[in-house]
1. Assigning unit charges at the beta carbon (Lys, Arg +1; Asp, Glu -1) and nothing else, what dipole magnitude in debye, to the nearest 20, does segment 101-255 show about its Cα centre?
2. In nm, give the distance between the simple-model label positions of E126 and D27, each being 7 Å from the Cα along the Cα-to-Cβ direction.
3. Starting from the Cα-Cα distance between R69 and C206, subtract it from 0.36 nm times their residue separation and give me the gain in nm to one decimal.
4. Averaged across orientations, what area in nm² does the convex hull of the alpha carbons in segment 84-243 project?
5. In nm, what is the difference between 0.36 nm times the number of residues separating K41 and K11 and their Cα-Cα distance?
6. Put +1 on the Cβ of each Lys and Arg and -1 on the Cβ of each Asp and Glu in segment 84-243; which of Q147, L197, I183 then has its Cα farthest toward the positive end of the dipole?
7. May I ask for the distance between the Cα centers of segment 95-161 and segment 18-75, given as a whole number of Å?
Amino acid sequence: MALNFIKMVPKKSYQHVVEQIQTAIIDGELKQGDCLPSEMKLKDAFDTSRGTIREALRVLEQKGLICIRTGVKGGAVIKAINTEAMSESMALLIRHGNVSLPHLAEFRKLLEGHVAQQAARLANLEDIRRLKGILAKIEALIDTDPQGWEAFHRLDSNFHQELARIGQNPLLQANLTTIHENIHTYFHQYLPFSRELLDEDYQDLCRILAAVERQDEGEARSIAQHHVARFSELMAKHQYAQKIPGKRKSGNKGA
């Protein structure tokens with residue numbers, strides 16, 4: 001009988017330190033605001049070098065598990081476990097163009113459709129009131145006859161993020177917030193502003209809210225996905241046009 005055992009992989013000393021401190025944080029032995037012992041005390045506790053401890057602390061800081069304070073009262077302090085590091089990584093991918101418009105559109109259709117569906121299932125009267133409040137601000141903004149996407153995009157993002165909050169899933173909420181905080185990169189380049197598009201966007205949000213208020217999960221999902229698809233296709237079309245020789249790039253810098 002052949003047994004397929006996996007060989008043990010030797011770990012660097014700092015990795016052992018990282019794993020033990022990380023486990024203590026996850027298990028609740030170390031809580032938000034707690035201070036780790038000094039480098040010298042950690043060096044003695046782990047029976048290793050000060051360089052190893054510093055490398056382990058650097059890795060823990062990169063993971064967002066600790067923050068390093070300088071000064072007389074400085075040291076390593078435990079941070080709350082959250083999705084901040086994940087959001088920062090996704091933001092960098094979007095900002096540096098490592099995520100194509102088709103990739104972003106596909107991800108947004110899945111994410112925003114599900115978020116709208118969950119909101120329709122879980123929204124209470126206070127949630128509906130808050131969503132209506134955002135739409136009222138958007139309507140008031142439209143009455144001022146804006147000439148760019150910027151102010152509208154902030155309120156539009158608030159609406160979508162509120163839907164995610166209602167869904168009560170912190171991972172979905174973090175991903176959607178990150179997307180809406182960085183998608184303006186594509187708006188700047190590929191979505192020329194027009195009053196017609198502004199009205200269409202606003203009407204889509206009104207239809208999403210109406211479906212959420214009726215608790216129509218399927219309709220909320222369908223409208224949200226259609227909304228994403230329509231504007232994604234428009235941006236893709238303008239992106240393609242800009243790549244054709246002789247085509248003038250849009251000078252719009254709204255949103």
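1. Values: 20 positive and 21 negative charges, 117 e Å.
So the magnitude is around 560 debye.
2. 3.7 nm
3. Numbers: separation 137, 0.36 × 137 = 49.32 nm, distance 4.68 nm.
Going from the current span to full extension adds 44.6 nm.
4. Values: hull surface 35.1 nm².
So the Cα hull casts an average projection of 8.8 nm².
5. On the way: separation 30, 0.36 × 30 = 10.80 nm, distance 2.21 nm.
Separation in residues times 0.36 nm, less the Cα-Cα distance, equals 8.6 nm.
6. Toward the positive end, the furthest listed residue is I183.
7. 39 Å
None of the figures in this text is laboratory data; all of them are computed from the coordinates on show. Since the model is a prediction, treat every value here as computed from it, not as a measurement. Virtual Cβ from ideal backbone geometry, glycine too; neighbours counted across all protein chains shown.
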